[in-house]
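Quick notes on the structure that follows.
The values are calculated or read from the model by the stated rules, or taken from the named source; none is laboratory data. A quick note: this is a predicted structure, and the numbers were derived from the prediction, not measured. A quick note on method: Cβ atoms are made from the backbone with ideal geometry, for glycine too, and the neighbour counts reach across all protein chains shown.
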Amino acid sequence: MNDGLFRREVLDARKEQWLGTVRLTTSRLGWPMALIAAAAVLALLLVLAFGSYARKERVQGRLIPSGGLLSVAAPAKGVVARVLVREGDAVRRGQELLEISSDLDAPDMEGGLSATIGAALQQKRERLQTDLNDLRRSEAQRTAALREKIASLSQQRTAAEQRHRLRSTQARNARALLERVQPLERQQIVSAVQIQGYEAAALEAEAAAETSRQEQLDIEQTLAATRAELNALPLDTATRRSEIERLLADVSEDSARNRVEGGLRLRAPRAGTIAGLSVSAGDAVGQSQRLLSLIPERSALQAELWVPSRAAGMLKTGTRVAMRYHAFPYQQYGQRFGRIVELSGSALPAQEILARSGIRLDAPAYRAIVALDADTGAALPLRATMTLDADLLLERRRLYQFILDPLRTVDPPQGTAGGTP
């Protein structure tokens, strides 16, 4: 064969053909793995684009009636004599709930100390009432007597005025006669002795006129004093009446206090249902001790939550709340939901929250009221004061926003404005 007809590479390949050919093979999993990787990247991008992150806050709370949980406390220390209601009873407004007795017995006091004090106070009240009635009758009699005296003095004053006018006229006439007779003495028609008689008569008439004038003034003074006494009589009587009525009020107060200390019956302030009855007959109770609670009539249950300051800023009415009741494990009964309908404007101290709800917190908190969803109350036998945990949905953001927010919130370097050096 002529080697010049073929290229050197062809001849070399034919020489090595007996060794076999080289083939490059591809894996069967290559394309599937590539597709899986692409799908994973796409899924990650979709999650970052459409996925969201929710920030929550877990708080504590309890169930309360919408009308408030009314506590009935003992107004004074004593012993429970009778309990007139039972747990769960429906009561009406003013119905008697229980009776407390704090009376003390003494060997020489029949009926007890309270009955003895009550009898003494009743006697004192009767005496004061008698004094008040006597004062009213005395006022009427005194008024009638003063009016009669004023009428009599008025008549005496009229008579005194007439006497004074008569005596004054007699004195003027006697003085005029003396003045006419005195010139006759110089003519020796009338003797000096007669002139002295005329002078004595004139002086006597003037003295009588002055006496009648003084009598008239005395009557007018007595009349004025009597009228002033009549005018002042209502004020004096009112003062004495007020004093007696004040003493009667003190007796009534002492009597009421004696009844309270001796025994009293507590009544329902509103219609509702008895809950939390914590005493029975024979129990000793102290002043202001809680005896029972009253759930007002037609009160729906609602949740009372205590929200810390770090979460209160993001809350508003309508915020959805997920709740888990301690009495019903959520692993079996699931979560229950509601919405915030009321949020306090200021935080309450932790001590006040503890005294009010029995929930112990480390810092002041805001009070949030949550209306339960319609199916919550029907699904579970909920009761007032049940404790619970709640998750508050504060905010929801996209994942890419959550990742990029730190970059957007970085403060610009000092000495720059708007990103321009």
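Inspect the stretch 163-170 for any residue being at pLDDT 85 or above, closer than 30 Å to Thr143 by Cα and surrounded by 13 or more Cβ atoms within 10 Å (Cβ to Cβ) and give the result as yes or no. No, the stretch 163-170 has no match at all.
Contact map, the stretch 42-59: first residue at pLDDT 65 or above, second residue in a helix (DSSP H, G or I) and of a type outside the set (Phe, Trp, Tyr), Cβ cut-off under 7 Å, separation 6 or more or different chains; pairs are Val47/Leu399; Leu48/Leu399; Glu57/Ala311. When the stretch 279-297 is filtered for residues that are modelled with pLDDT of 85 or more, surrounded by fewer than 13 Cβ atoms within 10 Å (Cβ to Cβ) and of a type in the set (S, T, N, Q), only Ser280 remains. From the list Thr211, Thr239, the one residue that fits, being in the same structural domain as Glu148 (by TED's automatic domain parsing), in a helix (DSSP H, G or I), loosely packed, with under 14 Cβ neighbours inside 10 Å and within 44 Å of the chain's Cα centre (by Cα), is Thr239. Only one entry in Arg137, Arg163, Arg175, Arg180 is assigned by TED's automatic domain parsing to the domain that holds Thr222, under 30 Å from Ala232 (Cα atoms) and among the basic types (Lys, Arg), namely Arg137.
Regarding Asp389, is this residue buried (at least 16 other Cβ atoms within 10 Å of the Cβ) and either modelled with pLDDT of 85 or more or under 24 Å from Gly276 (Cβ atoms) (or both)? Please lay out each step first, then the result.
Details: buried (at least 16 other Cβ atoms within 10 Å of the Cβ): yes; either modelled with pLDDT of 85 or more or under 24 Å from Gly276 (Cβ atoms) (or both): yes.
Yes: the conditions hold for Asp389.
Kindly indicate whether Tyr400 is modelled with pLDDT under 90, of a type in the set (Ser, Thr, Tyr), out of contact with any His (no Cβ under 6 Å at 6 or more places or on another chain) and over 23 Å from Ser309 (Cβ atoms).
On the way: modelled with pLDDT under 90: yes; of a type in the set (Ser, Thr, Tyr): yes; out of contact with any His (no Cβ under 6 Å at 6 or more places or on another chain): yes; over 23 Å from Ser309 (Cβ atoms): yes.
In short, yes.
Please determine whether any residue of the stretch 262-271 is surrounded by 14 or more Cβ atoms within 10 Å (Cβ to Cβ) and either more than 34 Å from the chain's Cα centre (by Cα) or over 30 Å from Gly68 (Cβ atoms) (or both). Yes, the stretch 262-271 contains at least one residue that is surrounded by 14 or more Cβ atoms within 10 Å (Cβ to Cβ) and either more than 34 Å from the chain's Cα centre (by Cα) or over 30 Å from Gly68 (Cβ atoms) (or both). One residue alone among Ile295, Ile340 is among the β-branched types (Val, Ile, Thr), at negative phi and not assigned by TED's automatic domain parsing to the domain that holds Ala384, and that residue is Ile295.
Of the residues making up the stretch 366-379, at least one is assigned to a loop (DSSP other than H, G, I, E, B) and modelled with pLDDT of 85 or more. Within this structure, Ser255 fails the test of being surrounded by 15 or more Cβ atoms within 10 Å (Cβ to Cβ), at pLDDT 85 or above and among the hydroxyl-bearing types (Ser, Thr, Tyr).
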